[in-house]
Amino acid sequence: MSDTQTPASPKIKPAKPEAAPERTRLEKLLEQRQALDNRIKAQQNREATQKRHQETRAKILIGAAIQKQISAGKLTEAWLKAILEAELTLKRDREVFKLPPLPEATATTKT
């Protein structure tokens, strides 16, 4: 073993790459606002989807209740058919219930 020690060489720090300029407070706030806007939009979409599901469920339950009343003889199929005839105007909706298509609107000409 030798009693001589070599002096410690000074540590050389690597050069730092140029850092991007510090974001301003305004930029940070704008970024936070954008993130909050995104969260709000996502929540609105979730609530709208839930509302549509509830409305669809309500329509199904109404239909089931009417069918039950018809089966029990408390309402008539003629009553239901009259409502459907009056309310369904789209061809595809009328086809579901085997209703005849509505007559084409007669074109009027200006004189």
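The values are calculated or read from the model by the stated rules, or taken from the named source; none is laboratory data. Just so we're clear, the structure is a prediction, and the values are computed from it rather than from any experiment. Neighbour counts are summed over all protein chains in view; Cβ atoms, including those assigned to glycine, are modelled from backbone coordinates with ideal geometry.
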When the residues of segment 72-81 are narrowed to those that are in a helix (DSSP H, G or I) and either of a type in the set (Lys, Arg) or under 37 Å from the mean Cα position of the chain (by Cα) (or both), which ends up nearest to residue 94 (Cα to Cα)?
81
Might you let me know whether segment 61-70 holds any residue that is exposed (fewer than 10 other Cβ atoms within 10 Å of the Cβ) and assigned to a helix (DSSP H, G or I)?
no
Which numbered condition residue 21 misses (of (1) modelled with pLDDT of 95 or more; (2) of a type outside the set (Ser, Thr, Tyr); (3) loosely packed, with under 10 Cβ neighbours inside 10 Å; (4) in a loop (DSSP other than H, G, I, E, B))
(1)
Residue 105 meets each of (1) modelled with pLDDT under 95; (2) part of a helix (DSSP H, G or I) with one exception, condition (2)
